[in-house]
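The values are calculated or read from the model by the stated rules, or taken from the named source; none is laboratory data. Keep in mind that this is a model prediction, so the values were computed, not measured. All Cβ positions, even for glycine, are placed from backbone atoms using ideal geometry, and neighbour counts span all protein chains on display. We work out accessible area using only protein heavy atoms, side chains counted, and drop any ligands, DNA or RNA first. Shrake-Rupley method; radii C 1.70, N 1.55, O 1.52, S 1.80 Å.
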Amino acid sequence: MSNLTSDEATNPYRTNLRSAVDWGLIAIGLPILAGLAFPIADRSGEPVGWFDGTNAPFFLVGFVLAVIAAAFAPKRVWGAWVELAGVAFAWLLPLHLMNGGLMLSDAWGLWLFLFGTMVLLWRVMAVFAGVPGWTRSVLVPGLFGLGLLVAWEQLVTGFSVPAILLPAPSRILVAIIHNAPVLWDDFRQTVLTSVLRGYVMGCSAGFLVAILADRVPFLARGLLPLGNLASAIPVVGIAPIMVMWFGFDWQSKAAVIVVMTFFPMLINTLAGLGNSERIQLDLMRSYGAGYGTTLAKLRLPNALPFLFNGLKINSTLALIGAIVAEFFGTPVVGMGFRISTEVARMNLDVVWATIAVAALTGSGLYGALAVLERVTTAWHPSMRGR
Amino acid sequence: MTRRALPVTVMTLLLLAAWYVGAAWLNWPQAVETLMRASKPTGVADVLAQAYAMKRPILPTPDQVVVELWNSLTGYAPTSPRNLLFHAWVTAEAALTGLAMGLVLGILLAAGIVYTRTLEASLLPWVIASQTVPILAIAPMIVVILGNIGLTGLLPKAVICMYLCFFPITVGMVKGLRSADPLWLDLMRTYSAGGLRAFWSLRLPASMPFLFASLKVSVAISVVGAIVGELPTGGQAGLGARLLSGSYYGQTVQIWAALIMASLLSVALIAVVRGLELVLLGRAGAR
């Protein structure tokens, strides 16, 4: 635990420049002060300054007031909430300027101001990161993601980056809403039809073969090195072969997924089954328990963390396998099909909408498995709070 | 040694046998049709011979694939686009560039996460979430988009590889940088050594075993990334392009040869990493 506070812990009376000056506030204040000298927008080639008749000073004053008010808050966390409100208020400035028909590129005053808001957001996150509980585990990553999205939106719209290169998050959201029926059909074809079936088949095949290999050690000793070799083979490469064999519909996608998910599940299950301790097994034998009972009551519960590890790895692999296989041939629906056709038609916002759906699906699958793992393996040491 | 060699040999032989049976079964209808059209005898032996010797089989036999591999490796100069070594090199180049970029990104992120509590709380969840984005599936699109702004060739593929392989490196390095013995860290402090000094002399060496474990995973992943990144460039160089052109023209033997070459490439690169590990860690006195 060597961090900034260790100095103060050893010598509370030590005063130096580092502790006497609030460098964070300087990092926020200096760029904004410097930015006051620059224009914040331009109106058909004419630069517009901070005090040229727009409501811009209103947002600047609100931001500064929030920082000052936060300094007087009785608790740092309360102050952080006030600062957060100030940041959110300050982020309205570019929207206000664009509503007034102004162009934002080349306006260094505005960009320095927005940089200052980002530094303040970082300070807020630093405060929240010190509070255990949901503020630390949910709010801080949420604010980080929000900050990234806002920066993306501001930069893309401010510098009017063409949508063909990178659409703004707001445009992607609009595309999701407008194309909801199409995206739902793709989701149903790719995820509900191909991925779920292939995932269940591949994972249960790996699991069953692992149980079999556990009974027949000869099989395990022969399969494990082959499994390690298989992890080096680029399994997505078999997609064209599977499409040739099983046709364009979900069967070929499920086949790719089965091949991709089989070995991770096999290896993890075998590792999990070997996880029970000698003394536990001896105890089971002293109870007169047979192979089946030992498996059901002792070894499978002990293997659960490994099983979930395999299931989690496979959840992303399955999605990848299905979408890649759709590049090699598909009925005219599905995420892979949508991405490849809409790229060709230069509808990049629809493509990004599909990517967003895929990312949400992947995170959702992973998250659901993580919750299930937490519920079923609450006893495991890795689940203890840190 | 025999305890492991025998089962592996038996399983490999079983796999090969299953492959031959599968090839006969899948190619059977086509073989019968060919023989009928040529009005040749259609006894079991004749059909079997035909099924194992087809030019565009549904499933080629292992010997056909090996012959194709051998011919393409020895029949042409290594710089010729008809030689698989040339394509493997194109893929390896992208994979290794991406791996190097991923290594830099992964170590920087890990150092940031280990040293900054705010970064640990805010960035680490997103690093994990980033891997649930099926980037491999979106890779062809990234290549097309980067191609639109004039970035073609090696770089887009390397970016995909970087995205795929930074994750194991970050996770491994976070663990590795934290694995330095607290007693030693305290000793460094009594020597009044700064944070940077402790990083170079203690944390970085302590993380090396973790780094190499991650690198072995990353190298295999980055080969996959490079191959998928080659898919949309259609018909140009690289093992992925071979896969795609084989799929276009129904050249199944070519697909299988490219696939085997790709896994050989992964295995070779992993072996290189393992060799580096032995040399470096051996020199550091780890084993």
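Say the dipole of the protein assembly as shown comes from +1 at the beta carbon of Lys and Arg and -1 at that of Asp and Glu; which of A:Leu223, B:Pro41, B:Val65 then lies farthest toward its positive end?
A:Leu223
Which residues of the stretch B:119-133 end up with at least 50 Å² less accessible area in the presence of all protein chains than when their chain stands alone, using a 1.4 Å probe?
B:Ala121, B:Ser122, B:Trp126, B:Thr132
Using 7 Å Cα-to-Cβ label points, what is the A:Leu25/A:Leu369 separation (nm, one decimal)?
The modelled label-to-label distance comes out at 4.9 nm.
Based on the alpha carbon coordinates of the protein assembly as shown, what radius of gyration and maximum Cα-Cα distance (Dmax) apply, in Å?
Reported Rg and Dmax, both Å: 29.1, 102.
Tell me, which longest segment in chain B has none of the chymotrypsin sites (Phe, Trp or Tyr not before Pro) that fall in DSSP loops with at most 13 further Cβ atoms within 10 Å?
Counting at most 13 other Cβ atoms within 10 Å as exposed, the longest clean stretch of chain B is B:1-190.
Name the residue farthest towards the positive end of the dipole of the stretch A:127-267 from the options A:Thr261, A:Gly237, A:Leu196, assuming +1 on Cβ of Lys and Arg, -1 on Cβ of Asp and Glu, about the Cα centre.
Result: A:Thr261, furthest along the dipole toward the positive end.
Name the residues of the stretch A:324-342 whose amide N is less than 16 Å from a point 7 angstrom out from the Cα of A:Arg188 along the C-beta direction?
Residues A:331-335 fall inside that zone.
Could you quote the convex hull projected area for the stretch B:1-84, Cα atoms only and averaged over all directions, in nm²?
Result: 8.0 nm².
Quick check for me: using +1 on Lys/Arg Cβ and -1 on Asp/Glu Cβ, what's the dipole size of chain B about its Cα centre, in debye to the nearest 20?
Charge dipole of chain B: 480 debye, to the nearest 20.
Once phi is turned into θ = phi - 60°, what whole-Hz ³J(HN,Hα) does the Karplus curve with 6.51, -1.76 and 1.60 give for every residue of the stretch A:28-37, x standing for Gly and Pro?
Running phi through 6.51 cos²θ - 1.76 cosθ + 1.60 with θ = phi - 60° gives 7, x, 4, x, 5, 4, 4, x, 4, 7 Hz.
Rg and Dmax of the stretch A:84-174, using alpha carbons, in Å: what are they?
Cα only, the stretch A:84-174: 14.6, 45 Å (Rg, Dmax).
If you consider only alpha-carbon coordinates, what radius of gyration and Dmax does chain A have, in Å?
Considering chain A through its Cα atoms, Rg and Dmax are 28.1, 90 Å.
Using label points projected 7 Å from each Cα along Cα→Cβ, tell me how many nm separate A:Arg76 and B:Ala193, to one decimal.
About 2.9 nm, to one decimal.
Heavy-atom accessible area per residue, the protein assembly as shown, 1.4 Å probe: how many Å²?
Per-residue accessible area for the protein assembly as shown comes out at 50 Å².
Please give, to one decimal in nm, the separation of the simple spin-label points placed at B:Leu281 and A:Ala344, each 7 Å out from Cα toward the Cβ.
4.9
With the full set of protein chains in place, find how many percent of the accessible area of the stretch A:184-259 is carbon and sulfur; take the probe as 1.4 Å.
Taking all protein chains in place, the stretch A:184-259 shows 73 percent carbon and sulfur surface.
5 Å is the cut-off here: which amide hydrogens, built 1.01 Å from N in the peptide plane, fall below it relative to A:Trp50, excluding neighbours closer than 5 in sequence?
For A:Trp50, the qualifying residues are A:Ile40.
Only helical DSSP H runs with n ≥ 4 go in: add -39500 (n - 2.57) per run for the protein assembly as shown, normalise by residue count and round the 222 nm mean residue ellipticity to 500 deg cm²/dmol.
-24000 deg cm²/dmol
Above 14 Å lies some portion of the pair distances; for the stretch A:62-126, what is it as a whole percent of all C-alpha pairs?
When every Cα pair of the stretch A:62-126 is considered, 59 percent fall beyond 14 Å.
Longer than 28 Å from Cα to Cα, which of B:Lys157/B:Lys216; A:Lys312/B:Lys175; A:Lys253/B:Lys55; A:Lys253/B:Lys175 are they? Say none if no pair is.
Beyond 28 Å: A:Lys253/B:Lys175.
Could you state the number of Å between the C-alpha centres of the stretch A:159-227 and the stretch A:52-79?
Centre-to-centre distance over Cα atoms comes out at 46 Å.
Computing the accessible area with a 1.4 Å probe over protein heavy atoms, can you report the carbon and sulfur percentage for the stretch A:52-97?
Ligands and nucleic acids excluded, carbon and sulfur give 75 percent.
Where does the stretch B:67-212 land on Rg(C-alpha)/(2.2 N^0.38 Å)?
Normalised Rg, Cα atoms only: 1.40.
Taking every residue in B:5-12, how many Cβ atoms of other protein chains lie within 10 Å of its Cβ, on average?
5
Whole-Hz ³J(HN,Hα) for each residue in the stretch B:42-49, computed from phi via Karplus 6.51 cos²θ - 1.76 cosθ + 1.60 with θ = phi - 60°, x for glycine and proline: what do you get?
10, x, 4, 5, 5, 5, 4, 4
Return the average number of partner chain Cβ atoms within 10 angstrom of each residue Cβ along peptide B:140-146.
Rounded to a whole number, the mean comes out at 5.
List the trypsin sites (Lys or Arg not before Pro) within the stretch B:1-104 that fall in a DSSP loop (any state other than H, G, I, E or B) and whose Cβ has at most 12 other Cβ atoms within 10 Å.
Qualifying residues, ordered by number: B:Lys55, B:Arg82.
Go ahead and set up a Gaussian network model of chain B, Cα springs under 10 Å, then flag whichever of B:Ala94, B:Ala139, B:Ala268 fluctuates most.
B:Ala268
How big is the A-B contact in terms of buried accessible area, both chains counted, 1.4 Å probe, rounded to the nearest 100 Å²?
Looking at A and B, the buried total is near 4500 Å².
Using the Karplus equation 6.51 cos²θ - 1.76 cosθ + 1.60 (θ = phi - 60°), what ³J(HN,Hα) coupling, rounded to whole Hz, does each residue of the stretch A:38-48 give in order, writing x for Gly and Pro?
9, x, 10, 5, 9, 10, 6, x, 7, x, 10
On average, how many beta carbons from a partner chain sit within 10 Å of the beta carbon of a residue in B:209-222?
Going residue by residue through B:209-222 and averaging, the value is 1.
R0 = 22 Å: FRET efficiency of A:Leu148 with A:Ser170, Cβ-based, nearest 0.05?
E(calc), rounded to 0.05, equals 0.95.
Could you tell me the relative contact order of chain A? Use alpha-carbon pairs under 8 Å, at least six residues apart, and round to a whole percent.
14
What residue among A:Leu183, A:Val209, A:Val119 has its Cα farthest toward the positive end of the dipole of the stretch A:101-209, where the charges are +1 on Lys, Arg and -1 on Asp, Glu, each on the Cβ?
A:Val209
Could you please tell me the mean projected area of the C-alpha convex hull for the stretch A:240-310, averaged over all directions and given in square nanometres to one decimal?
5.9
Can you give the charge dipole size of the protein assembly as shown about its Cα centre, rounded to the nearest 20 debye, using +1 on the beta carbon of Lys and Arg and -1 on the beta carbon of Asp and Glu?
1820
Compute the Rg to Rh ratio over chain B from the alpha carbon atoms, using the Kirkwood formula for Rh, and round to two decimal places.
The Rg/Rh ratio comes out at 1.10.
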